[in-house]
Amino acid sequence: MKLPHKAHVALVDGKSFTVMRNGGNPFEPKLEGATKPDLSATNFSAGVRHQDNGGRERGTSTQLDELAHAAAATEWINAKAIAGEIEDVLIIADPKSLGEMRRHYHSELKQRLVGEIDKTLTGETTDRIEQAISAA
């Protein structure tokens, strides 16, 4: 995947949110400046549609806290995109979080989105994340 120089990379899962920037060139990313924005997960209606009877019977109900966290991360990214603080952004999230995030993308964020990777990489090293971006 081609990741523009200075593009933001948002790493999200149900509990963690980290933002980094690409200090390298588009085909050889070098992630730097990792920050963990403080989020307030308030959208607990985010995953209600996942709480159906069939899912509860099979024991596959989705955790509302995790989906609310994904919605809060998206709200943070939306605000930065609207304010012009993010020009290009790559979102890397586990499939469940990414699905919830897509429901909350603002049109401004959609214009700045350079890609998505549906993998859980929040616990990985920076080198591993850079490799996953290059391979995508």
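The table below lists the values:
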| read-out | value |
| --- | --- |
| Condition met for residue 64 (at pLDDT 95 or above, surrounded by 14 or more Cβ atoms within 10 Å (Cβ to Cβ) and either among the charged types (D, E, K, R) or farther than 12 Å from residue 12 by Cα (or both)) | no |
| Pair list, Cβ under 6 Å, 6 or more apart: the stretch 121-133 residue more than 13 Å from residue 93 (Cβ to Cβ) and assigned to a helix (DSSP H, G or I), other residue of a type outside the set (Asp, Glu) and modelled with pLDDT under 95 | 133/1 |
| Test for residue 33: is it modelled with pLDDT of 95 or more and surrounded by fewer than 16 Cβ atoms within 10 Å (Cβ to Cβ) | no |
| Meets criteria (crowded, with 18+ Cβ neighbours inside 10 Å and in a helix (DSSP H, G or I)) for residue 73 | yes |
| Unmet criterion (only one of (1) touching a helix residue (DSSP H, G or I) at 6+ places or on another chain (Cβ under 8 Å); (2) free of Cβ contacts under 8 Å to residues at least 40 places away in the same chain; (3) closer than 13 Å to residue 11 by Cα) for residue 93 | (2) |
| Residues being modelled with pLDDT under 95 and among the hydroxyl-bearing types (Ser, Thr, Tyr) - total across the stretch 98-124 | 2 |
| Residue among 98, 109, 90 that alone is of a type outside the set (Ser, Thr, Tyr) and assigned to a strand (DSSP E or B) | 90 |
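Okay, residues lined up against (1) more than 18 Å from residue 36 (Cβ to Cβ); (2) buried (at least 16 other Cβ atoms within 10 Å of the Cβ); (3) over 12 Å from the mean Cα position of the chain (by Cα):
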{"position": "87", "(1), (2), (3)": "yes, no, yes"}
{"position": "92", "(1), (2), (3)": "no, yes, no"}
{"position": "99", "(1), (2), (3)": "yes, yes, no"}
{"position": "102", "(1), (2), (3)": "yes, no, no"}
{"position": "130", "(1), (2), (3)": "yes, yes, yes"}
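The values are calculated or read from the model by the stated rules, or taken from the named source; none is laboratory data. Quick caveat: nothing in here was measured; it's all calculated off a predicted structure. All Cβ positions, even for glycine, are placed from backbone atoms using ideal geometry, and neighbour counts span all protein chains on display.
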